[in-house]
Every structure is written in C-alpha cells, then in structure tokens.
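**Q** This structure is in structure tokens; I'll ask about it shortly.
The values are calculated or read from the model by the stated rules, or taken from the named source; none is laboratory data. As the structure is a prediction and not an experimental result, all values here were calculated from the model.
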Amino acid sequence: MVKTIRNALLFAAAVHVLYVIVQMVAGIILTMRYTPKIVEAYSSKQVLESQVSFGLTASPSGWLYALTFAGSAALYAFALQPLLRRWANRRKRP
C-alpha cells in the first residue's frame with residue numbers, strides 16, 4: 001500500500017514537471033521564432049489604442065493544481081498500476 005501511494009505521488013509529480021517543461025520549451029521556441037511586423041503594427045496603431053481594456057486576467061488557482069495532482073495520482077493508483085501488474089504477470093508466464 002505504501003509503495004502504491006509513493007509511486008502514485010511520483011507519477012503525479014512527473015506529470016506536472018513534464019507539463020511545466022513542455023510549456024517552457026514551447027514558450028522559448030515561440031519567442032525565438034517571433035518576428036514583429038513593424039509596418040502592419042504602425043498602420044493599425046489607432047485601432048489598437050481604441051481597443052485597450054483594463055481589468056484582471058484569470059489565472060488558475062492553487063486548487064486546480066492540487067486537484068490535477070490528486071487526479072493524476074488516483075489515475076495511476078486505480079488504472080495504471082493494475083494494468084502494469086497484469087502486464088508483468090503475463091510476461092512471467094511461460
């Protein structure tokens with residue numbers, strides 16, 4: 001039981017770390033490939049200035065991260081681990 005919980009938490013942590021790494025790499029690639037179009041930006045200056053809005057942006061709360069962490073741990077414990085055990089048992093059979 002302890003091994004299952006440990007593996008589930010490690011799986012959830014790995015999923016979240018992988019997600020953060022993919023987001024960072026995508027941001028770096030998009031930043032490197034970005035080329036501003038100065039002529040188009042200058043010609044649409046008035047349109048851009050009239051469409052500015054003030055307010056707050058929505059960002060995911062800490063509860064969302066906790067729920068996805070718990071969900072991915074539960075996915076491992078209740079779905080992936082039984083499948084891995086079945087697969088390992090089939091490999092051991094002659």
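**Q** Residue check: is L67 in a helix (DSSP H, G or I) and either at pLDDT below 90 or under 21 Å from the mean Cα position of the chain (by Cα) (or both)?
**A** Answer is yes for this residue.
**Q** Here's a follow-up. Find the residue count for the range 16-36, including only residues that are assigned to a helix (DSSP H, G or I) and either within 30 Å of Y76 (Cα to Cα) or of a type in the set (F, W, Y) (or both).
**A** The qualifying residues number 12.
**Q** So, one more: Which of the residues belonging to the range 37-53 are part of a loop (DSSP other than H, G, I, E, B) and at pLDDT 75 or above?
**A** Taking the range 37-53 and keeping what is part of a loop (DSSP other than H, G, I, E, B), we get 37, 44, 51-53.
Selection gives K37 alone.
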